[in-house]
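To start, the structure under review is shown below, and the notes come after it.
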Amino acid sequence: MLTRYLLLSCMLLVAGASGVSAAPLSSSNVPLDSPIYLYLEKLSGMGLITSDVKGMKPFSRAEVARQLLEAEQRLLEKKEASPRLAGEMVKRIRELIPREAALYGNDTEPRLLDFNPVLSSRLRYVYLDGVPRNYERQVHDPGNDGVFGIGRGLRPPNPYPTPAQHHGSEGTPLLEHAEGAVYRPGHTGELRTAAEGYVGRYATVLAEPQVTFNRDTDRALLTLNRGYLKVGGGAWELEVGRDSSWFGLGYRGAITLSDNARNLNMVKLSSPEPFRVGWLSWLGDMKYAVLLSQLDHTVTGGQEREPWYYAVKLISKPTKNLEIGFNLGKQAGGKGLDNSLRQYINGIFGGTSADNSNGMAGFEVRYRAPWLRNTEFFVEFSGEDTASFWPIVESYLAGFYVPMLTEDGKNDLRFEYFRGNNILYTSGTMPQGYLYHGLPLGHSQGGATEDFFVRYSHWFGARHNLALEYFYTTRGSFGRMPGQTTEMKHAGRLNWTLPVYGDIDAQLSYGIERINNLNLVAGVRQTNHLARFELRYRY
């Protein structure tokens, strides 16, 4: 039923949003690892942006320009009251989006045809000494679920000899959410460069090829990391091609959809900028996205699958400090399943074991506390299954972000907790699980997992940042099968970003992790090291 309500709500919003944006500006999307997101987050924490909507990314460059203008206006109003760092960040954002900063919010007409051969570029070197954790394992599924851990019987108890089966891998140790990139042990080099073209205000095309070279294999691989056509802007935008997506409020991960796996080939209808619908004005600013894709071909346990995938995001911001979002991600049909219209309808309107789909849905809340220096608190609840209306088989992500740990804004702190249900990302209908090219579509740590994450960062300037991160992750503390033991991982990572020359920045990163009982096997220990160096141009 939640699937039905989300789809119907998005249809009503699309209909009601007509004509909301008088002069939409089509623009390309900002890469998800761009510092622009950190800048906007800090400016929001300084009280210079209050119309921010964080639960859906990537942001279009036009949306960044909208928030930039808001920050500049408030900066003028506050004059000397804002930290010096705020002015530096505002200036840097304007430098990174010159076209959109010049065109947004005015009647200036751009050239009919325009082309930027080097929009951004990133050169990355990775040295890995270690091995990734394997997610191939069985897990005990007790069933007999309630809602929010209360009550029982919404799902029948499962007999203990019938475990759920997890598949996949974490990809690269100490380098999660890398848009599907899996780095082998040894030395790896990677170069990606984006070029874009425009047709006036109305259409955008972007291509970002990527070349990866591993020294140990002496092989170079050319892929298209991102490439798409976008038409429209404001409250209406149609995107066709390959792009990254993130549905959720987390920094370390998202349960429903993130950039952990390879970027999807998709058709997406969305609102890159928030809008209001007159008869729903009490809901405040709104955003939505509906995307359709098809996952990779797999044969798991002799069962062939190539499912369709669709995801829906709906966000409401009834006040400037409260954001409420709803998420849905669903695999349906494809090879090996009944693809009759009746089965697809059952998947959308029923969500029972009789349909041809596997999905998850849930909601999230973010609250900004002005009296705590705009500290943000957020929580996400997601269900792998449904009973009547309620999502069950629960997973959680929660945390807080302190943007102004000190009054000058140069220090911030964030904490994030993730608990993936025993059977998160598993499925009987789709035996390969909720994966794309072997990696979870959602949170990088997979199911039947607990993960604690702390990040402290210090800003020497807008382009000079030092961050320290700590992770503690366990698998097998719940859902353990006979012969398995609890796997425990302690990890630390340092990230140092600094300007080099002109629009070129460098980022150096080093991480180390110690794993006890690797892959839930008693007595097996593993130490992994990862060093990363990047040069970024206008990124």
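The values are calculated or read from the model by the stated rules, or taken from the named source; none is laboratory data. Note that the coordinates shown come from a computational prediction; the quantities given were computed from them, not determined experimentally. For neighbour counting, all protein chains shown are included, and Cβ atoms are generated from backbone atoms with ideal geometry for every residue, glycine included.
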message: If a residue must be in a loop (DSSP other than H, G, I, E, B) and either within 16 Å of the chain's Cα centre (by Cα) or over 18 Å from Y288 (Cβ atoms) (or both), how many such residues does the stretch 255-272 contain?
response: 9
Index of the failed condition, A531 passing every other in (1) farther than 26 Å from G359 by Cα; (2) touching an Asp or Glu at 6+ places or on another chain (Cβ under 9 Å); (3) without any contact (Cβ under 8 Å) to a residue 60 or more places away in the chain; (4) not polar (S, T, N, Q): (3)
task: Collect the residues in the stretch 302-322 that are more than 17 Å from the chain's Cα centre (by Cα) and either in a loop (DSSP other than H, G, I, E, B) or not hydrophobic (A, V, I, L, M, F, W, C) (or both), keeping them in residue-number order.
output: G302, Q303, E304, R305, E306, P307, S316, K317, P318, T319, K320, N321
query: Which residue pairs have Cβ atoms closer than 8 Å, lie 6 or more positions apart in sequence or on different chains, and pair a first residue in the stretch 247-270 that is at negative phi with a second residue that is β-branched (V, I, T) and assigned to a loop (DSSP other than H, G, I, E, B)?
result: F247/T256
query: Of L175, L191, L154, which residue is among the aliphatic types (A, V, I, L, M), modelled with pLDDT of 95 or more, surrounded by fewer than 22 Cβ atoms within 10 Å (Cβ to Cβ) and more than 21 Å from the chain's Cα centre (by Cα)?
result: L191
- prompt: Which one is surrounded by the most Cβ atoms within 10 Å (Cβ to Cβ) among residues in the stretch 392-422 that are of a type in the set (D, E, K, R) and assigned to a strand (DSSP E or B)?
  reply: D412
- line: T204 fails exactly one of (1) surrounded by fewer than 20 Cβ atoms within 10 Å (Cβ to Cβ); (2) β-branched (V, I, T); (3) more than 21 Å from the chain's Cα centre (by Cα), namely (1)
message: For a quick check of your reading of the model, give me the residue pairs whose first member lies in the stretch 190-208 and is outside any strand (DSSP E or B), whose second is surrounded by fewer than 21 Cβ atoms within 10 Å (Cβ to Cβ) and β-branched (V, I, T), with beta-carbon atoms closer than 9 Å and at least 6 apart or on different chains.
response: Y202/V231
- prompt: Is it the case that the stretch 285-301 has a residue that's buried (at least 20 other Cβ atoms within 10 Å of the Cβ), in contact with a Phe, Trp or Tyr (Cβ under 9 Å, 6 or more places away or on another chain) and assigned to a loop (DSSP other than H, G, I, E, B)?
  reply: yes
message: Every residue in the stretch 478-507 that is loosely packed, with under 14 Cβ neighbours inside 10 Å and either within 30 Å of D141 (Cα to Cα) or of a type in the set (K, R) (or both), please.
response: P482, G483, H490
- line: Filtering the stretch 423-458 down to residues that are surrounded by fewer than 19 Cβ atoms within 10 Å (Cβ to Cβ) and within 17 Å of L257 (Cα to Cα) yields H437, G438
message: What's the number of the only condition in (1) touching a Pro at 6+ places or on another chain (Cβ under 8 Å); (2) under 30 Å from M89 (Cβ atoms); (3) in contact (Cβ under 8 Å) with a residue 40 or more places away in the chain that F471 fails to meet?
response: (1)
statement: So, first residue under 16 Å from V277 (Cα atoms) in the stretch 301-323, second residue surrounded by 16 or more Cβ atoms within 10 Å (Cβ to Cβ) and of a type in the set (F, W, Y), Cβ within less than 8 Å, six or more apart or across chains; the pairs are L314/Y288; L314/F326; I315/Y288; I315/F326
- prompt: Looking at the stretch 7-53, which of its residues are modelled with pLDDT under 95, hydroxyl-bearing (S, T, Y) and not in a loop (DSSP other than H, G, I, E, B)?
  reply: S9
field: Evaluation of M89 against (1) in a strand (DSSP E or B); (2) modelled with pLDDT of 95 or more; (3) of a type outside the set (D, E) (one fails), failing number
entry: (1)
task: Scan the stretch 336-380 for residues that are modelled with pLDDT under 95 and in a strand (DSSP E or B) and jot them down.
output: S357, N358, G359, M360, A361, G362, F363
- prompt: Can you spot a residue in the stretch 232-239 that is under 30 Å from T172 (Cβ atoms), buried (at least 16 other Cβ atoms within 10 Å of the Cβ), in contact with a Phe, Trp or Tyr (Cβ under 6 Å, 6 or more places away or on another chain) and free of Cβ contacts under 8 Å to residues at least 60 places away in the same chain?
  reply: yes
